[in-house]
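Readers should treat all values here as calculations from the given coordinates under stated rules, not as data from a laboratory. These numbers were taken from a predicted model, which means no experiment stands behind them. Cβ atoms come from the backbone with ideal geometry, glycine included; neighbour counts cover every protein chain shown.
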Amino acid sequence: MRKGRHHYHVYVVELDDAVWNNARFRRANPDYELGKPFVYVGMTGLDPDTRFDKHKAGIQANTFVRDHGLRLLPHLYEMYNPMPYRAACEMEVELGIALREKGYGVWQG
């Protein structure tokens, strides 16, 4: 890989309310605050729009995004992108934690 070529992205997908019916999702979010968004936080080497389209098409898809993904929420992630691979891996975790602390229901890739 060429140095200085940062093409990794974190991204956030809004999930529909029906995701809360999934017991695994509920167990992962014991501190969810009623009325806050449900989201998926991921990391990709692709453009986030392309990655979202792949999720929805069932290509290397997270089940929650495939079945419940509504739209990308760029206001939650654009300021971080693009970045090197290692930074994107770390930011995916940090962003998920930050959103959980705000009461969001979060699933991470």
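Structure values in brief
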| quantity | calculated |
| --- | --- |
| Fewest-first ranking of Met43, Met79, Met91, using other Cβ atoms within 10 Å as the exposure measure | Met79, Met91, Met43 |
| Dipole in debye (nearest 20) - region 9-108, about Cα centre, beta carbon charges: Lys, Arg +1; Asp, Glu -1 | 300 |
| Cα-projected label distance for Ala23 with Ile97, points at 7 Å along beta-carbon direction, nm | 3.0 |
| Under 11 Å, Cβ to Cβ, from Lys54 - net charge with Lys/Arg +1 and Asp/Glu -1 | 0 |
| Distance (nanometres) between label positions extended 7 Å along Cα→Cβ at Asp49 and Leu70 | 2.1 |
| Computed FRET value (nearest 0.05) for Glu33 with Ala87, which takes r as the C-beta separation and R₀ as 41 Å | 0.90 |
| For Trp107, residues with placed amide H under 5 Å, excluding near neighbours | Val39, Tyr40, Val41 |
| HN-Hα J in Hz across region 19-31 - Karplus 6.51, -1.76, 1.60, θ = phi - 60°, x for Gly and Pro | 4, 5, 6, 7, 4, 4, 5, 4, 4, 6, 9, x, 9 |
| Sites Met79 and Asp16 - FRET efficiency at Förster radius 25 Å, r taken between beta-carbons, to 0.05 | 0.45 |
| Glu78, Glu92, Glu14 arranged by Cβ crowding within 10 Å, fewest neighbours leading | Glu78, Glu14, Glu92 |
